[in-house]
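Right, one structure below, let's go through it.
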Amino acid sequence: MAAYALRRLAALVPLVFGVTAITFALLVLAPGDPVTFLIPPEQRGAADLAAMRHELGLDRPLPVQYVSMMRDLVTGRLRSFGDRRPTLARVGEALPVTLILTAASMALTLALAIPIALVAALRPYSLVDHGATLFSLLGISLPSFWFGLGLIYVFTEQLAWLPATGIRPTGATGYNPLVIAPYLLMPTIVQALSILPVMVRYARSSLLDQLAQEYVRVARSKGLRERTILRRHIARNALVPVVTVTALLVPFLLSGSVVVETTFALPGLGQLAVNAALARDYPIVLTTTAIAGVLVVAGNLAADIGYFYLDPRIRDG
Amino acid sequence: MDSRAPSTPERQPRTGRRGPWHRFARNPRALAGAALLAAFFGVALAAPRLAPYPADAPHLLATLHPPDRAYLLGTDNLGRDILSRVLAASRVTLAIGILSMLVSLVAGILIGALAGYAGGQVDAALMRLTDVVLAVPVFFLTVAFLALFGPSIPGLICIIGLTAWPPTARLVRAEVLALRHRDFVSAATAVGASGGRIIVRHLLPNVVAVIAISATLRVGLAILTEAGLSFLGLGVQPPAPSWGNIIADGRAYLGIAWWVSCFPGLCIFLAVMAFNLVGDGLRDAFDPRLVV
């Protein structure tokens, strides 16, 4: 198991490297000098700018800058251009918000998608199945931020049931589930709805595939109850593609979190990335994209481990 | 008729009365989508004639005016008529959606056809690249790009297009792989046709249906991406209207003026749905097994 996980992990290292290299290339190709964003206009003497550039290491050759930025990033010495705090500390504050939101929306999606897909697959082309198809169409066509604003309009502005912004009341700290739940409810629904159609579609077709297999007919002719066939025979096989899609949807959810966190003013990774990019805070931009890459890799790894448990052919071979 | 195994491989299969277009025309959802799409394009083309006011004319005595006869969809905080802005934005949004789809199509076809036809190391390298782009949360890179280089409409078209090509590349590669050992390709090789000529003249025409289906669905996604970026302030820049940035304008006034954000969002929703309905309809008509 450990060897398998390590091998999969090693295969994914180039991805993180690729993402940071692309980000660094964007940073150095971008027009404008980050230094001018950091010094107020009245202090911008040529000497001041040069000194600042030297202090930030921006006067060194590009490959040196990249390698040293990456080394500092990994060792935690890379600091924000803005408040000069370590980038990992800044990301560390934002990351739990995004992780909780992503995990909650994935859990909600699976909790809804599997029963819907099951009903749709057991009665293909029935009213429920057509309903699920129509619902999918609406779901993939809906702009998430607009849906989010709609929820805010109804549940915050009109009914005053839920808070619209932030992750917790002002003054509170930590991630006590009872305290943050009202704040996360609407963002979680928005994120879940954005991926629910894809999940239902895959789960439905995977279930239909399995239901048509010979082993199902054998199990039925043995006289097994439908419930037993579903739980003991079909579920495991049908779950493998669902696990794949779950991993594929992680980058999608992370991308979505940029917009959703802005809609609900959640202080997560997405919002940090947008603000840092607008402020030319190169180290933060590099760190957020690298961490997003790491999260994707982690999602893939989790899927690989999922296969490992679900499919003995992978485990033993 | 099976569009993957045409009997006359050099050209698209003849679509007779019982062909795919017939199936498309008998599918009510596809027709509804096509009608909606035609309406959007018609309105976008006629937008300057239909708009009751100039898109950026401030009516200072009627700020945040609710929808009524004078302002059918209300006005925003600067007193600009929402209907006029939504109409002007429809041109911007549809143009960005279609042009960025074309960018992703060109990139996807080039990469997919090259990978499928060349095979070997080239194929492996290109598909690895495709996997990376698919796996990366591209929105982070998109946001970084637009913030660093400054948001502009050409920049928006390029970045949306250049991050959306992998699915097209995979489709084209799969189709080319399936076709490249067929007799008509060997025949073309035997008479001395170059690789580029074989791809352009013999392989791509057989992939047109698949590409068209994927392209239709991609426009919807591109519109959603543009709207999200404009909402973040990184897309179309005010005062130029786009559906996404009108929604952003209305965000601060949600409690007192719902109409500012509501109507442009409805347009995005309906336009994306129209593209999805037409794309699904084309897929069902031409190639039901296709997963796009």
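Structure above, values below:
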| quantity | calculated |
| --- | --- |
| Output for segment A:269-298, where each listed residue is among the small types (G, A, S), in a helix (DSSP H, G or I) and within 9 Å of another protein chain (Cβ to nearest Cβ) | A:G270, A:A273, A:A276, A:A277, A:A292, A:G293 |
| Identity of the residue in segment B:125-184, more than 13 Å from every other protein chain (Cβ to nearest Cβ) and of a type in the set (G, A, S), that ends up surrounded by the fewest Cβ atoms within 10 Å (Cβ to Cβ) | B:A178 |
| Matching option when the condition is at pLDDT 90 or above, surrounded by fewer than 24 Cβ atoms within 10 Å (Cβ to Cβ) and not acidic (D, E), among B:G220, B:G228 | B:G220 |
| Residue in segment B:214-228 that is under 30 Å from B:L171 (Cα atoms), more than 14 Å from every other protein chain (Cβ to nearest Cβ) and assigned to a helix (DSSP H, G or I) present | yes |
| Subset tally (residues that are in contact (Cβ under 8 Å) with a residue 24 or more places away in the chain and either over 16 Å from B:S214 (Cα atoms) or hydroxyl-bearing (S, T, Y) (or both)) for segment B:163-181 | 6 |
| Subset of segment B:233-244 [crowded, with 24+ Cβ neighbours inside 10 Å, farther than 17 Å from B:L87 by Cα and at the interface with another protein chain (Cβ under 9 Å from one of its Cβ atoms)] | B:L234 |
| Number of the condition not met by B:L141 [criteria: (1) under 30 Å from A:T262 (Cα atoms); (2) out of contact with any Ser or Thr (no Cβ under 9 Å at 6 or more places or on another chain)] | (2) |
| Output for segment A:16-31, where each listed residue is part of a helix (DSSP H, G or I), under 18 Å from B:P151 (Cα atoms) and facing chain B (nearest Cβ under 7 Å) | A:T23, A:L26, A:L27 |
| Residue match in segment A:52-71 (condition: buried (at least 16 other Cβ atoms within 10 Å of the Cβ), within 14 Å of chain B (Cβ to nearest Cβ) and in contact with a helix residue (DSSP H, G or I) (Cβ under 9 Å, 6 or more places away or on another chain)) | no |
| Some residue of segment A:253-263 being hydroxyl-bearing (S, T, Y), within 9 Å of chain B (Cβ to nearest Cβ) and closer than 22 Å to A:M70 by Cβ | no |
| Which listed residue is surrounded by 14 or more Cβ atoms within 10 Å (Cβ to Cβ) and either closer than 18 Å to A:Y282 by Cβ or not hydrophobic (A, V, I, L, M, F, W, C) (or both), from A:G45, A:G92, A:G82 | A:G82 |
| Single match in B:D249, B:D284, B:D280 (criterion: within 10 Å of another protein chain (Cβ to nearest Cβ) and touching a residue at least 24 places away in the same chain (Cβ under 8 Å)) | B:D280 |
| Spans of helices (runs of 4 or more DSSP H) in segment B:128-205 with at least 3 residues more than 24 Å from A:T102 (Cβ to Cβ) | B:153-163, B:166-179, B:183-190 |
| Pair list, Cβ under 7 Å, 6 or more apart: segment A:198-219 residue assigned by TED's automatic domain parsing to the domain that holds A:L108 and crowded, with 16+ Cβ neighbours inside 10 Å, other residue part of a helix (DSSP H, G or I) and among the polar types (S, T, N, Q) | A:M199/A:T109; A:V200/A:S136; A:R201/A:S136; A:Q210/A:N237; A:V216/A:Q210 |
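Here's the yes/no breakdown for (1) without any contact (Cβ under 8 Å) to a residue 24 or more places away in the chain; (2) not assigned by TED's automatic domain parsing to the domain that holds A:A247:
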residue	(1), (2)
A:R71	yes, yes
A:T109	no, no
A:A117	no, no
A:A121	no, no
A:S126	yes, no
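The values are calculated or read from the model by the stated rules, or taken from the named source; none is laboratory data. The structure presented is a predicted model; accordingly, all values stated were derived computationally and were not measured. In this analysis, Cβ positions are derived from the backbone assuming ideal geometry, glycine residues included, and neighbour counts consider all displayed protein chains.
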